[in-house]
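What follows is a set of notes on a single structure, which appears directly below.
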Amino acid sequence: MDAIDKRKKYNFLARLERGARGHTTEQVERCLRSAIVALDFAPGEFIDKGAVCATLGVSRFPVSEALARLAVEGLVEILPQRGSRAARIRLSEVRESMLIRQALEGMVAEAAAKRLSSMAIEALRGNLEAQQEAVSRGDRPGFHALDLEFHTILVEGLEMPRVASVIDASRANIDRVRRLLSSPRRHVITLEEHWEIFRALDTHDTAAARRAMEAHLEAVVEELERFSVEHAEVFVQP
């Protein structure tokens, strides 16, 4: 593959905002992280540094530094003498991250049923209506963004920044998993699970809110287990 073909292949990296503030390495890091989480780089796919440099118009140093940082996060594997690749997904890490999210977000849902403001409740209602529209038109990226926003509204509505940061830190590999599991069927199920959570919040049923949130996240784990058997090449066991 020649240089022109490689640049074309990596066109998705052009979403890096040239005028964005911040150090070049940080910009490249954000761009590559976004591409890996969005599965533009498939798990196990090698990342051509030269093509990244050519596409983004940067030198090799910020690309190498960004890849090293992403390796610390577990999103990149650096193989001596072979190069860097988007890391395959470690099932053990995803299971642990989902356990953290179930515990924290279950408690968040319970607290939200007690004291979430009417403004936040209406924001959730609007979000769910937008999710319904995304499902109807088959908008997978749009639905994914609204799914993340639904959970964000809950935490931010309770003004729990430290809880939000812990949840956010566990999200990268989970987001990759959710994109892998993305399908019209899964979106319909997820939407109904979200409505179940919302109904409990709207009626201030704390126990039901917690159960609904925990069941919603557990459903992702169960589907992941089935998917990992059928697509073992994407994952690292255990």
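The values are calculated or read from the model by the stated rules, or taken from the named source; none is laboratory data. Only a predicted model underlies this, so the values are computations on that prediction, with no experimental measurement involved. Quick reminder, even Gly has a Cβ in these numbers, built from the backbone with ideal geometry, and neighbours come from all protein chains shown. Only protein heavy atoms, including side chains, enter the accessible area calculation; ligands, DNA and RNA are left aside. Shrake-Rupley method; radii C 1.70, N 1.55, O 1.52, S 1.80 Å.
Of all residues in region 209-236, those that are aliphatic (A, V, I, L, M) have Cβ atoms under 8 Å from Cβ atoms of residues that are open to solvent by 60 Å² or more (accessible area, probe 1.4 Å) and outside any helix (DSSP H, G or I), 6 or more apart or on another chain, in Val234/Arg88; Val236/Arg88; Val236/Arg90. Evaluation of Glu159 against the conditions (1) part of a loop (DSSP other than H, G, I, E, B); (2) under 30 Å from His231 (Cβ atoms); (3) open to solvent by 30 Å² or more (accessible area, probe 1.4 Å) shows that the sole unmet condition is (2). Every residue in region 21-51 that is under 22 Å from Asn173 (Cα atoms) and β-branched (Val, Ile, Thr), please. Thr25, Val28, Ile36, Val37, Ile47, listed by residue number. Within the option set Leu67, Leu124, being part of a helix (DSSP H, G or I) and closer than 27 Å to Leu154 by Cα holds for one residue only, Leu124. Just one of (1) under 18 Å from Phe235 (Cα atoms); (2) modelled with pLDDT under 90 fails for Leu56. It is (1).
Condition check ((1) more than 30 Å from Glu45 (Cα to Cα); (2) outside any helix (DSSP H, G or I); (3) over 18 Å from the mean Cα position of the chain (by Cα)) across all residues:
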{"position": "Glu77", "(1), (2), (3)": "no, yes, yes"}
{"position": "Gln81", "(1), (2), (3)": "no, yes, yes"}
{"position": "Arg95", "(1), (2), (3)": "no, no, no"}
{"position": "Val108", "(1), (2), (3)": "yes, no, yes"}
{"position": "Ala111", "(1), (2), (3)": "yes, no, yes"}
{"position": "Ala120", "(1), (2), (3)": "yes, no, yes"}
{"position": "Leu128", "(1), (2), (3)": "yes, no, yes"}
{"position": "His144", "(1), (2), (3)": "no, no, no"}
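Test Val52 against the stated conditions and say whether it is among the aliphatic types (A, V, I, L, M), over 19 Å from the mean Cα position of the chain (by Cα) and farther than 24 Å from Ala219 by Cα. Yes: the conditions hold for Val52.
Scanning region 176-216 for residues that are in contact with a helix residue (DSSP H, G or I) (Cβ under 6 Å, 6 or more places away or on another chain) and at pLDDT below 95 returns Arg176, Val177, Leu181, Ser182. The set of residues in region 185-238 that are within 21 Å of Ala109 (Cβ to Cβ), among the small types (Gly, Ala, Ser) and surrounded by fewer than 17 Cβ atoms within 10 Å (Cβ to Cβ) comprises Ala207, Ala215, Ala219. Every condition in (1) surrounded by fewer than 17 Cβ atoms within 10 Å (Cβ to Cβ); (2) touching a residue at least 12 places away in the same chain (Cβ under 8 Å) is met by Ile174 except one, and the failing one is (1).
Residue count for region 1-53 under the criterion of being assigned to a loop (DSSP other than H, G, I, E, B), acidic (Asp, Glu) and at pLDDT 90 or above: the result is 3. Pull up region 99-138, narrow it to residues that are of a type in the set (S, T, N, Q) and within 23 Å of Asp168 (Cα to Cα), then point me to the one that is surrounded by the fewest Cβ atoms within 10 Å (Cβ to Cβ). Step by step, filter region 99-138, then rank; the result is Ser117. Looking only at residues in region 140-154 that are open to solvent by 40 Å² or more (accessible area, probe 1.4 Å) and under 16 Å from Arg179 (Cα atoms), which one is modelled with the highest pLDDT? Taking the candidates together, the pick is Glu149. Among the residues of region 59-90, just one is under 14 Å from Val28 (Cβ atoms), polar (S, T, N, Q) and either open to solvent by 60 Å² or more (accessible area, probe 1.4 Å) or at pLDDT below 95 (or both), namely Ser59.
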